[in-house]
Amino acid sequence: MKIMFSAGEASGDMHGANLAKAMKKIDPEVELIGMGGSQMDAAGVRIIYDIKNLGFIGVGEILKKIPFFFRLRDFLFQKMLEEKPDLLVCIDYPGFNMRLIKKAKAAGIPVVYYILPTIWAWHKSRGKVIAQYADLAVSMFPFEETLYRNIGTNVIYAGHPLMDVVHADMTKEEAYRYFGLDPQKRTILFMPGSRLQEVKGLLPDMLSAAKIIKQYAGNVQFIIPRASTIDRSLLERAVQAADVSAVIADDHIYDMMNISTVAVAASGTATLETALMGLPTILIYRVSSLTYTLSKFLVHIKHIGLPNIISGREIMPELWQDEVTPLHIAEQLLKVLQDKKQEQQLRSDMLSVRSSMGKPGAVERIAGTIIQFAKEKGSL
């Protein structure tokens, strides 16, 4: 059996890697290929296109890259025809994958869509495309499953895969030693994202905020996780330019969260991960002026952070667009650093999200369902 993946971002690489490991455990003979990153490669997926070359965000930015994305889609489709996989598994990355699934469908290759477009937030029309072209959709949330089922999608909900992977591997003492941090200082975690553009746009503001924080809460230290899609040298240059001392770490992200007092994170999967770790987090989000203007008309929800959407209220402070400044970031951080009661309340609110995420074991259940689905499709 051969299964092809299409993942376009660091979070997709992580989910794809976990899914690949679970598939290999169920069926060691399954052959896995596709577009992905270093984590999927390490999990046994033969990478035919490395997503390190991707990193676009926002409508205006993507418009400039349309010719590139068409070439990439055609490249993957040609590989699909050559490799003849039994199944295509698309992971998130809807702007690209929703075009790829149409090509796969036309070629008679069954499609599973894993981590669905957020039709409850914007682009409701994408739901109809999923219903028409995906043979099976895998939902992350119960309310999402209902929405997709109501528009005719063959969809399942088996729990959220992050429930299986979001946990510390070390004790706090081991983590402090591993990262070379001082256990007597409070740790601030800066998570600027996994796309090149958002890291370049957000990290300098985070580091400038760090200089302010040092003035008002001096007993602090900073750590920055490096996404697999980002070169370490980029982060090092940013830290050097800001003249701020910060540790750059390549792995054990949940251990970083476990020893941190507070985090600043780019909008995305990271905010859900910090919530599951009970880590107070400031969400920041900034795109081009064109994208932001369009979002005012296209986005149908009050909040953009998944923890806030799941909770139905703002438990994680959000800074949007022009609000993303070093001063505003520092102000939000100081509220947590200087008020123990506020910190404890935020931790409690973050952990409340976990109860809405289903039971552990989702990755294994999803992997088993996909392999069985591929076998059934292959026998038809």
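The values are calculated or read from the model by the stated rules, or taken from the named source; none is laboratory data. Predicted model, so just to flag it, every value in this text is computed and none were measured. Every residue, glycine as well, gets a Cβ built from its backbone with ideal geometry; the counts of neighbours run over all protein chains shown. Quick note on the areas: whole protein, heavy atoms, side chains included, nothing else; ligands and nucleic acids left out. Shrake-Rupley method; radii C 1.70, N 1.55, O 1.52, S 1.80 Å.
Observations on the model:
- Here's the picture: charge each Lys and Arg Cβ at +1 and each Asp and Glu Cβ at -1 in the chain, and of Val129, Ala209, Phe190 the one pushed furthest to the positive end of that dipole is Val129.
- In the context of the full set of protein chains, residues of the chain present 43 Å² of accessible surface per residue (probe radius 1.4 Å, heavy atoms only).
- Close amide H pairs (under 5 Å, H built 1.01 Å from N) link Ile248 with Ile224, residues at least 5 positions away or on another chain.
- Förster radius 30 Å - calculated FRET efficiency between Trp320 and Phe143, Cβ distance, rounded to 0.05: 0.80
- Partners for Lys214 among lysines (Cα-Cα distance below 17 Å; same-chain residues under 8 apart left out): Lys185, Lys335
- When the Cα positions of Tyr178, Ile156, Ile101 are compared along the charge dipole of the chain, Ile101 comes out farthest toward the positive end, with charges on each C-beta of Lys, Arg, Asp and Glu.
- Translational diffusion of segment 172-356 was estimated from the Stokes-Einstein equation, with Rh taken as the Kirkwood radius over Cα pairs; at 4 °C and 1.567 mPa s the coefficient is 78 µm²/s.
- To put it simply, the accessible area of the chain at a 1.4 Å probe is 51 percent carbon and sulfur.
- Dipole moment magnitude, nearest 20 debye, segment 135-247 about Cα centre, only Lys, Arg, Asp, Glu C-beta charged: 480
- Between segment 249-263 and segment 316-376, the C-alpha centres lie 13 angstrom from each other.
- Extension gain, Asp50 to Gln372: 0.36 nm times the residue separation minus the Cα-Cα distance gives 113.1 nm.
- Take every pair of alpha-carbon atoms less than 8 Å apart whose residues are at least six positions apart; their mean separation over the length of segment 172-356 yields a relative contact order of 24 percent.
- Dipole magnitude (debye, nearest 20) for the chain, charges at Cβ of Lys, Arg, Asp, Glu: 840
- 13 Å beta-carbon shell around Ser348, net charge (K/R +1, D/E -1): +2
- Theoretical FRET efficiency, 1/(1+(r/R0)^6), r = Cβ-Cβ of Gln342 and Ser233, R0 41 Å, to 0.05: 0.65
- Once Rg and the Kirkwood radius are both taken over the C-alpha atoms of the chain, their ratio Rg/Rh works out to 0.96.
- Neighbourhood charge, 14 Å Cβ-Cβ cut-off, centred on Lys102 and excluding it, Lys, Arg +1 and Asp, Glu -1: +4
- Estimated from the Cβ-Cβ distance and a Förster radius of 51 angstrom, the FRET efficiency linking Asp169 and Lys79 is about 0.90.
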